[in-house]
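The structure under discussion appears below in the form of structure tokens.
The values are calculated or read from the model by the stated rules, or taken from the named source; none is laboratory data. Here the structure is a predicted model, which is why all the values come from computation and not from measurement. Neighbour counts run over all protein chains shown; Cβ positions are idealised from the backbone, glycine included. SASA here: full protein model, heavy atoms, side chains in, ligands and nucleic acids out. Shrake-Rupley method; radii C 1.70, N 1.55, O 1.52, S 1.80 Å.
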Amino acid sequence: LASLMVYNERASVRTLLAALKSATHLTHARDPETGNHLERMSRYSRLIAQAMAAQKGLDDNFVEHVYLFAPLHDLGKITIPDTILNKPGQLTPEEWEAMKQHPGAGARILRDISHLQAAIPYVLYHHERWDGTGYPQGRKGKDIPIEGRLMAIADVYDALTTVRPYHPPRSNYDVLQYLSVNAGRLFDPRLVDV
């Protein structure tokens, strides 16, 4: 009976995740330039998590959670108007302020889903920066949960290596240099090393 309850709990969580991933994919359907961003982010995040687990002895649950929850990081973009989401050039200050609301919006969506409370740090903190200049809360250093610090690296890596309406893709080498130069400023330096 206990095994069946654990199985049903996992099945429920996976069903919820599938539904939320679908909602997130709808956002990216509205934003075709980043349509595959979610899957790439999941893979990059899992690779970083696996390397962290090997170095720091983290358990397999951490790696699995990273892979499952990473695609939800932009869930809050379903609240962003198409005119902002699909704008081909630079955002105005007002549009940028609206865009900066997506982490909080995603966390609010998850807040009422008891089985997905563990996903909130992936969604809420992926735009925080090591030096405190990020958003939505301006957290700094280790006050940013590890999930957010990891997502920040994977998100930026993907954003800079792919075509976006506002920039061409950069080479892997250039992006790794960017991450390295900004370790300790924008990104957790230990995770950049990983």
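Details
- The helices (runs of 4 or more DSSP H) falling completely within the stretch 71-127 that include 1 or more residues that are among the aliphatic types (A, V, I, L, M) and under 24 Å from K140 (Cα atoms) map to 93-99, 102-111, 120-124.
- Check on G184, within 24 Å of Q50 (Cβ to Cβ) and out of contact with any His (no Cβ under 9 Å at 6 or more places or on another chain): yes
- Residue within the stretch 71-89 that is crowded, with 20+ Cβ neighbours inside 10 Å, under 19 Å from D155 (Cα atoms), within 14 Å of the chain's Cα centre (by Cα) and β-branched (V, I, T) present: no
- Yes/no for I153 being in contact with a strand residue (DSSP E or B) (Cβ under 8 Å, 6 or more places away or on another chain) and either modelled with pLDDT of 95 or more or surrounded by fewer than 19 Cβ atoms within 10 Å (Cβ to Cβ) (or both): yes
- Residues that are at pLDDT 65 or above, within 15 Å of the chain's Cα centre (by Cα) and outside any helix (DSSP H, G or I) within the stretch 17-66 comprise just one, N36.
- Just one of the listed residues (D131, D112) is under 22 Å from G184 (Cβ atoms) and open to solvent by 20 Å² or more (accessible area, probe 1.4 Å), and it is D131.
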